[in-house]
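The values are calculated or read from the model by the stated rules, or taken from the named source; none is laboratory data. Predicted model only: the values in this text are computed from it and were never measured. For neighbour counting, all protein chains shown are included, and Cβ atoms are generated from backbone atoms with ideal geometry for every residue, glycine included. Only protein heavy atoms, including side chains, enter the accessible area calculation; ligands, DNA and RNA are left aside. Shrake-Rupley method; radii C 1.70, N 1.55, O 1.52, S 1.80 Å.
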Amino acid sequence: MSGEKKDYRDEPPPQYQPSAGYGYPPQYPPQQYTDHPGFPPGGYSTNAVIVAPGPMTMNEPPPPDYMNRAIFVTICCFWPTGIFAIMKASESRSAYARGDVQSARSNSNSARQLSNISIMAGVASILVAVIFVGVYVGLVLRSIT
């Protein structure tokens, strides 16, 4: 018998036995609510009508967010300021969606400025690279002859 293991899978789990000091909480009778002074007798009506606000309309068109330009300059020109341009363009869209036209316009202008800075930095880096390669090739050709 000591070598055999008992199979407990077919037996139900043991029942819970609360200890002597920890019984169930006492059951109290339900309270009867009475009318209170200052409130209408019988309480308030529960069939209230709730009306949702209508759609928000804006009188002016959304400012351009320059998202396409920001993505282009991030990929093709100068990515450090291009990433910030993408962030500002996204903030511009979000601000307009929540109805904050002034903040959307401000973020739009920031995205445009950062995109322009990225374009200038990209063009400048290309010019520096062309000048550097030109000088290097000129020096190599001069040393050959």
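Test of understanding: what is the full-extension gain from residue 120 to residue 143, defined as 0.36 nm times their sequence separation minus their Cα-Cα distance? Before the final figure, lay out each step's value.
Working: separation 23, 0.36 × 23 = 8.28 nm, distance 3.46 nm.
Difference between extended and current length: 4.8 nm.
Just read off the accessible area of residue 11 with the full protein assembly in place, 1.4 Å probe, to the nearest 10 Å².
Its heavy atoms expose roughly 90 Å² to the probe.
What does the charge count near residue 118 come to, summing +1 for each Lys or Arg and -1 for each Asp or Glu among other residues with Cβ under 13 Å from its Cβ?
Working: positive: 69, 88, 112; negative: none.
Here the count lands on +3.
State the extension gain, in nm to one decimal, for the chain segment bounded by residue 8 and residue 76, taking 0.36 nm per residue of separation less the distance between their alpha-carbons. Could the numbers behind the result be given before it?
Working: separation 68, 0.36 × 68 = 24.48 nm, distance 6.93 nm.
Using 0.36 nm per residue and subtracting the Cα-Cα distance, I get 17.5 nm.
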